[in-house]
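So the structure is just underneath, and the comments pick up after that.
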Amino acid sequence: MIDRATIDKIMDATNIVDVVGEFVTLRKAGVNYKGLCPFHDDKTPSFMVSPSKQICKCFACGEGGTAINFLMKHEQITYPEALRWLAKKYNIEIEERELTDEEKKEQSDRESMFIVNEWAMTYFHDMLKNDPDGIAIGKQYFRSRGIRDDIIEKFNLGYAVPKRDALALAGQKAGYQNEFLLKTGLCIQGEKGLHDRYAGRVIFPWLNVSGRVVAFGGRLLDSRTKGVQQKYVNSPDSEIYHKERELYGLYQAKKAIAKEDRVYMVEGYTDVIAMHQSGLENVVANSGTALSISQIKLLRRFTQNITLLYDGDEAGIHAAMRGTDMLLGEGMNVKVLLLPDGDDPDSFSRKHSATELKDYIEKNATDFISFKTRLTVENVNDPVKRSEAIGGIVKSISVIPDQILRSTYLSELSQRLGIKEQTLLNSMNGMIAKDIEEKGKEANRQASQGTQNEDQQAPVQPFVGLHSIDDQTKEVERLLVQAVIRHGEVVIYKDIETEDGGKTDLTVAQYIAYDLGADGLGFHDPRYGQILLEAAQHSGEEGFKAETYFMHHPDYTISELAAQLAIDRHQLGKGFQLKERENGLLQHVLHLVLDFRYYYLGNCEKELLAQLKVSKDNYMETMKEYMRIKGLYDAVSKKLGRDVKG
């Protein structure tokens, strides 16, 4: 692992103008530089780079951040890879912290598995191109599917000869240990020694997002699949491969996904390959596994827009239905297209040009409401089944994090089905309330399990969790965290008396954390919560500067967010000074905290009231919490001079 001192050395040496300048033509613009944004089709220079702040930002599409953020986004690489890129550029030797013996073995084993897989991919590919059986059988199979030689090269497709121990013997001859031939899943231990997992199959290598070979898929040839259940055999889970965390074709597709701001999700290897060959490269497959949260989060690094593209049989419909709610819950914008006449993306792509394929998808893909309504509600006359189907669609809408988008979809469903919007809203609020209640029970259960010496601890108010917040609350929440990023280490209260008679100072971060924590309030966005927690913990340390700390944070989502909050159009201007309220930073923070309490508690009160209207279980507990929140809300309303609701 790269140690902190080396990371600091790399960041100190980095000049963002030099880094961005390797990919973007920059021109001087006052104290800053500007150029055409590489993240969208920029016609006029809107990408600004500030050498003084060491940050960049596009004022058209909003992309930006530190040099690390820029490299990760532009080159589609990980945080450690970006650090190594910068270290190489500035001739800095990477010094990694001393690993424990266990860590060294684990790291060594992982690296050995990657090396063996890389060799195996080359071996399979060579068999396809040069072995007589590979040419006559394997290559002929791909050609029969219409796959061109350039696509075979692009995806490193291969062939495993039928001899049961061919790869095992070749691997041993090349000096690779049996341990890693087994750990990678390339071989299986038999009574007479190792034998190959993929013998007699065409091979599809799996590359992770960084381009390293993590697994393989092997397909029986058509002549051998009759009556055989396992047409495909895939690598088992290992230290370097977990099927629920990988997507086939992502490495080859990632730049196209980012450029098009959309990903097509298909089912199989050949679907991905056929669409690439037709010219649509922003496509991935989950290859027979149920879509997972990890896979969705991986895709969200590149786009929030996804089109599920499956064949229209029962299996395709089931695949499209099962992942919709998870995608919506992770903030993805979902469209669905089921292909006609028994076609799958593979066969359909081979019949159409890239333009025809793209036009067909754009014209026929529907949002999830249209898709689910057509399949589950239309032409259903049984009142009970119809009600259950409508409830299922409302449930899908309820998981969408964005409140405005939820409202838009609910209105659309109301018009489509001819049901009063308020009826649907009441149903959705009941679902949200139940979800909040269940999450609260789970949080309390986990908290009670993790609490030690409970009788010695001061009572702590439960955290008030919200399913969603309105735009005003979001904005005040953002401004509060922006204050933590920019001024988290600044002392705003001096010599505060403590319970033991001592005195202490309170920084911006510590004050916000203390004030909100006293009533169990917290940020809706978990990234904000992490920033506040870490800033409060570190802000008393000598030399700590929140802005630098978070912009260089090892968690990419945190560093990217910090960079965005540290930037605005005025900051990149000459002689910019942060304008606080007239009474300075203290008054600015106090007002923000009060505003946050007002809007946040108002949201809490509304959600708890909705929960009381539909909840039968734990009614008294919910009422008690509602009265507590209402009391806090009324108190802050009086402080702000606003009318207290009855």
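The values are calculated or read from the model by the stated rules, or taken from the named source; none is laboratory data. Bear in mind the structure is a predicted one, so any value in this text is a computation, not a measurement. Here Cβ is always computed from backbone atoms with ideal geometry, including for glycine, and neighbour counts include all displayed protein chains. With ligands, DNA and RNA removed, areas are computed over all heavy atoms of the protein, side chains included. Shrake-Rupley method; radii C 1.70, N 1.55, O 1.52, S 1.80 Å.
Give the Kirkwood hydrodynamic radius (Å, one decimal) of the range 329-417, defined as one over the mean of 1/r across all pairs of different Cα atoms. Walk me through the intermediate numbers first.
On the way: mean 1/r = 0.0672 Å⁻¹.
Mean inverse Cα-Cα distance, inverted, gives 14.9 Å.
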Local electrostatic count at Ser387 - Lys and Arg +1, Asp and Glu -1, tallied over other residues with Cβ under 15 Å
+2
Based on the Cβ-Cβ distance of Leu594 and Glu22, what FRET efficiency does E = 1/(1 + (r/R0)^6) give at R0 = 45 Å, to the nearest 0.05?
0.45
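Among the complete DSSP H segments of the chain, which ones combine at least 27 Å of alpha-carbon extent along their axis with a mean Kyte-Doolittle hydropathy of -0.5 or more?
Membrane-span-like by this rule: 585-614.
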On the formula 1/(1 + (r/R0)^6), with r taken between the Cβ atoms of Lys434 and Gln537 and R0 of 25 Å, the FRET efficiency rounded to 0.05 is 0.10
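With a sphere of radius 12 Å drawn around the Cβ of Glu356, what net charge do the other residues whose Cβ falls strictly inside it have (Lys, Arg +1; Asp, Glu -1)?
On the way: positive: Arg350, Lys351, Lys358, Lys363; negative: Asp359, Glu362.
With Lys, Arg at +1 and Asp, Glu at -1, the neighbours total +2.
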Computing the accessible area with a 1.4 Å probe over protein heavy atoms, can you report the carbon and sulfur percentage for the chain?
49 percent
Nearest-5 percent of antiparallel DSSP beta bridges in the chain?
75 percent
Quick one: which residues, 5 or more positions from Arg201 or on another chain, have an amide H under 5 Å from its amide H? H modelled 1.01 Å from N in the peptide plane, none for Pro or chain starts.
Ala160
For labels at Val490 and Gln140 in the simple 7 Å Cα→Cβ model, what's the distance in nm?
7.6 nm
Straight-line reach only, C-alpha to C-alpha below 22 angstrom: list the lysines that Lys139 could link to, leaving out same-chain residues fewer than 8 apart.
Lys129, Lys154, Lys163, Lys226, Lys231, Lys351
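Restrict the search to the range 284-391; then list the trypsin sites (Lys or Arg not before Pro) that DSSP places in a loop and that have at most 11 other Cβ atoms within 10 Å of their Cβ. All intermediate terms of the calculation are to be shown ahead of the outcome.
Values: sites: Lys297, Arg300, Arg301, Arg322, Lys335, Arg350, Lys351, Lys358, Lys363, Lys372, Arg374, Lys385, Arg386; in loops: Arg301.
Here no loop site has a sparse enough neighbourhood.
Using only Cα atoms, figure out Rg for the range 1-60 and give it as a multiple of 2.2 N^0.38 Å. Can you show the working numbers first?
Working: Rg = 13.4 Å, N = 60, 2.2 N^0.38 = 10.4 Å.
It is 1.28.
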Net length gained if the chain between Met620 and Arg322 were fully extended (0.36 nm per residue, minus Cα distance)
103.7 nm
For labels at Asp237 and Ser52 in the simple 7 Å Cα→Cβ model, what's the distance in nm?
5.3 nm
Solution diffusion estimate, µm²/s, Stokes-Einstein, the range 38-192, Kirkwood Rh from C-alpha pairs, 10 °C, viscosity 1.306 mPa s
79 µm²/s
Would you compute the Debye intensity of the range 367-422 from its alpha-carbon atoms alone, equal scatterers and no solvent, and pass along log10 I(q)/I(0) at q = 0.18 Å⁻¹ to two decimals?
-0.56
Using the C-alpha gyration tensor of the chain, what are the square roots of 5 times its eigenvalues, in whole angstrom, with the largest one first?
47, 34, 26
Any GluC sites (Glu not before Pro) in the range 376-423 that lie in a DSSP loop and have at most 16 other Cβ atoms within 10 Å would be Glu378
Of Tyr409, Cys187, Val508, which is farthest along the charge dipole of the chain in the positive direction, counting Lys and Arg as +1 and Asp and Glu as -1 at C-beta?
Tyr409
Give or take rounding to whole Å, what are the principal axis extents of the alpha carbon atoms in the range 247-388, in descending order?
47, 33, 25
May I ask you to derive the FRET efficiency for Lys385 and Cys61 from their Cβ-Cβ distance with R0 = 45 Å, giving the value to the nearest 0.05?
0.50
Show that you can apply the helix-only estimate: for the chain, add -39,500 (n - 2.57) for every DSSP H stretch of four or more residues, divide by all residues, and state [θ] at 222 nm to the nearest 500.
-16000 deg cm²/dmol
